[in-house]
């Protein structure tokens, strides 16, 4: 039987090279999944980028640096030449109109040139191209939060997301997602059978997220981000409304008011998002919180394990998640996790963490106190968390993804559902 020919659009990799703020969950998923998919001796697998010329070239560079250039379908020579001319005109063309024009002309050409070279086209974020003559398309939808809760996002984001959803042709296209919770939401939205939607669970990179037991290194990293060495609670996420930081801060203040807790801190790691200004002002105006809440901003990947490993507990009372990588990263670093009992988070944490109603700051505060005061509980949570984290791996995610291609295109169930 001939191998299934698959082309995967991974433009988000180039986008993350261009903008630091794009190095979020989706980028982590795709950049971690690519090498594992390449290792699988299954379909005839290649990658491309169908975004702007600049992003396409940056994505190509990602593959070249790793010796995978043969797997990448990059811009043609004509597009490269015109882009170089457009770049030379930057001093006069402050709005980069020429660069935008080159990207617009070649975006559709690049899509059309893929016709006949594949059986399956897989978009990992952007809409499926309108011009398509290949037999089958896949789209990765990480969650349905923008349409379920548009209030969590900036203005018009739901409209952008709807354009992605509108590119799907129900019955013809297939969807990949990252949790059973998200699959349920997707099936409800499209009113489709669950057989049209496949789940491939993400993972946390074990080379980046591990129990860091080097005390000297931990102290060095804490000094780097001006974090006291006494016990702190940690949250790692884009600072936005959906992450429910208000509940974390309210619960933390209640903890501070308990006897013996004035040496505790709350460390919030992440870039600043949206609908958060009022909360930040409230922290700045409260003398107690101002002394005990620390905003680090963006933290380099190589420093994150030390921050996780030094924490008393990891807080993640998110209002809604398609998966929730940070709780998994925290468990993999040997940190007790307190998270929400909603959406996909119970799938991620299992029995390893404490799950609370994300709107109940009293329950969150009590869980924080329990971990501080009960060393047996804390050690038990550490052990269960490490066991739970071991159930997830990028190789498993890649196998599930490739098995979905083969199951959808050939009807073969070999490997599908086995992880």
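The values are calculated or read from the model by the stated rules, or taken from the named source; none is laboratory data. Owing to the predicted nature of the structure, the values given are computational and were not obtained by experimental measurement. A quick note on method: Cβ atoms are made from the backbone with ideal geometry, for glycine too, and the neighbour counts reach across all protein chains shown.
Of note:
- Those residues of segment 225-244 which are surrounded by 19 or more Cβ atoms within 10 Å (Cβ to Cβ) and modelled with pLDDT of 90 or more, in sequence order: 227, 232, 233, 234, 235, 236, 244
- The set of residues in segment 260-288 being assigned to a helix (DSSP H, G or I), in contact with a helix residue (DSSP H, G or I) (Cβ under 7 Å, 6 or more places away or on another chain) and within 12 Å of residue 245 (Cβ to Cβ) consists of 279, 283.
- One residue alone among 33, 58 is surrounded by 19 or more Cβ atoms within 10 Å (Cβ to Cβ) and farther than 27 Å from residue 324 by Cα, and that residue is 58.
- Identity of the residue in segment 122-140, without any contact (Cβ under 8 Å) to a residue 60 or more places away in the chain and in contact with a helix residue (DSSP H, G or I) (Cβ under 7 Å, 6 or more places away or on another chain), that ends up surrounded by the most Cβ atoms within 10 Å (Cβ to Cβ): 127
- Of all residues in segment 192-199, at least one satisfies being under 20 Å from residue 350 (Cα atoms), in the same structural domain as residue 150 (by TED's automatic domain parsing) and modelled with pLDDT of 95 or more.
- Qualifying positions in segment 238-250 - part of a helix (DSSP H, G or I) and in contact with a strand residue (DSSP E or B) (Cβ under 8 Å, 6 or more places away or on another chain): 243, 245, 248, 249
- Residue selected from segment 257-272 under the condition without any contact (Cβ under 8 Å) to a residue 60 or more places away in the chain and surrounded by fewer than 19 Cβ atoms within 10 Å (Cβ to Cβ), by the criterion nearest to the chain's Cα centre (by Cα): 272
- For segment 294-330, the tally of residues that are crowded, with 22+ Cβ neighbours inside 10 Å and without any contact (Cβ under 8 Å) to a residue 60 or more places away in the chain stands at 2.
- Among residues of segment 364-389, those that are without any contact (Cβ under 8 Å) to a residue 12 or more places away in the chain and farther than 23 Å from residue 210 by Cβ, counted: 4
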